[in-house]
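One structure is given here, and the rest of the page talks about it.
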Amino acid sequence: MENEIMERELSKVAPLEAVLFDIDGTLGISDPFHHKAWSEVLQKVGFNGGVPITVEFGMKNMAGRTNEQIGQFLFPDWDQDQLNKLVQEKEALFESSARQHLKEINGLHKFCKWIEEKGLNRAAVTNAPRYNAELMISILGLSEFFPFIVTGEECGRAKPFPDPYLEGLRKLNASPDHTLVFEDSLTGVKAGVAAGMQVIGVAAIGQEKSLAEAGATLCIRDYEDENLWSALEKLNAC
């Protein structure tokens, strides 16, 4: 019954015109590098008494948010110069790890090839800083695949507000009724839903329920997931 409901909801997107992707955790396996970088800089400044933050803390309070949002959450009393210095150090650590170890989510290039073959419009929509976003897309070999990158910091409001996804639609001249969003965070799923689109959650183990509760129509493990291809086949047949 649940699959029938999912397939019925996704069928409303036909004919599919465009696909919008988040980047971190949706295109590439980057969350461990963010966690490691944040852990190092936070320990250095004595956050939480010097006790390393847990993965659970990071997923709940930091995943999918802008650096500005994270900084204000962690250190609401700090001035902007202090926050900027912390973020710059964190980003340098992240960049070093990403350049050496960033890998695509399983099946990503297969899916991208399918998108190209179908002639679908696409854009990357992220809360990451532009340099960070362009770096990851370049490492993954997708610079030519994405004609546009939309960042939350360049919009009026970042995710979980719909502004970045609405800007993505504007740049592609696409209808929300015929566009799919791929997201891995609660923040991103909420933004895609608020922008009026069907969202497919790329869910880590244990995250399926929370993404579904946030509004994801379908949750997949990666781009090899049989449920994704079954849904696309049915959508393509509509």
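In this structure, does PHE75 turn out to be farther than 30 Å from ALA237 by Cβ, free of Cβ contacts under 8 Å to residues at least 40 places away in the same chain and open to solvent by less than 80 Å² (accessible area, probe 1.4 Å)? Yes; evaluated as a whole, the condition is true for this residue. Considered as a group, the residues in the range 62-107 that are closer than 18 Å to ARG130 by Cβ, assigned to a loop (DSSP other than H, G, I, E, B) and of a type outside the set (Val, Ile, Thr) include one that is modelled with the highest pLDDT, and that residue is LEU102. In the range 192-213, what residues are in contact with a Pro (Cβ under 6 Å, 6 or more places away or on another chain) and open to solvent by 20 Å² or more (accessible area, probe 1.4 Å)? Listed by number, the residues that qualify are ALA194, GLY196. Could you please let me know if LYS110 is exposed (fewer than 15 other Cβ atoms within 10 Å of the Cβ), basic (Lys, Arg) and either modelled with pLDDT under 95 or closer than 13 Å to SER30 by Cβ (or both)? Criteria not met by LYS110. For the range 46-59, the count of residues that are closer than 27 Å to CYS112 by Cβ and either touching a Phe, Trp or Tyr at 6+ places or on another chain (Cβ under 6 Å) or assigned to a helix (DSSP H, G or I) (or both) is at least one.
Yes/no per residue for (1) assigned to a helix (DSSP H, G or I); (2) surrounded by fewer than 20 Cβ atoms within 10 Å (Cβ to Cβ); (3) at pLDDT 95 or above; (4) not aliphatic (A, V, I, L, M):
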| residue | (1), (2), (3), (4) |
| --- | --- |
| LEU142 | no, no, yes, no |
| PHE145 | no, yes, yes, yes |
| GLY156 | no, yes, no, yes |
| TYR165 | yes, no, yes, yes |
| ARG170 | yes, yes, yes, yes |
| ASP177 | yes, yes, yes, yes |
| LYS190 | yes, no, yes, yes |
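Of the residues contained in the range 217-227, one or more are found to be among the polar types (S, T, N, Q) and over 14 Å from the mean Cα position of the chain (by Cα).
Of all residues in the range 221-230, those being open to solvent by less than 30 Å² (accessible area, probe 1.4 Å) and farther than 16 Å from CYS112 by Cα number 0. When restricted to residues that are part of a helix (DSSP H, G or I) and over 14 Å from the mean Cα position of the chain (by Cα), the range 192-213 contains 6. On inspection, ASN236 fails the criterion of being farther than 19 Å from ALA18 by Cα and open to solvent by 30 Å² or more (accessible area, probe 1.4 Å). Name every residue in the range 32-71 that is surrounded by fewer than 19 Cβ atoms within 10 Å (Cβ to Cβ), closer than 18 Å to LEU186 by Cβ and polar (S, T, N, Q), in order of residue number. Matches in the range 32-71: THR54, ASN61.
Scanning the range 122-133 for residues that are closer than 27 Å to VAL193 by Cβ and surrounded by fewer than 18 Cβ atoms within 10 Å (Cβ to Cβ) turns up just one, ARG130. Residues of the range 12-30 that are open to solvent by 10 Å² or more (accessible area, probe 1.4 Å) and assigned to a strand (DSSP E or B): ASP24 alone.
The values are calculated or read from the model by the stated rules, or taken from the named source; none is laboratory data. Quick caveat, the model's predicted, so the values are computed rather than measured. Please note: Cβ atoms are built from the backbone with ideal geometry, for glycine as well, and neighbour counts cover all protein chains shown. Side chains included, ligands, DNA and RNA excluded: accessible areas come from the protein's heavy atoms. Shrake-Rupley method; radii C 1.70, N 1.55, O 1.52, S 1.80 Å.
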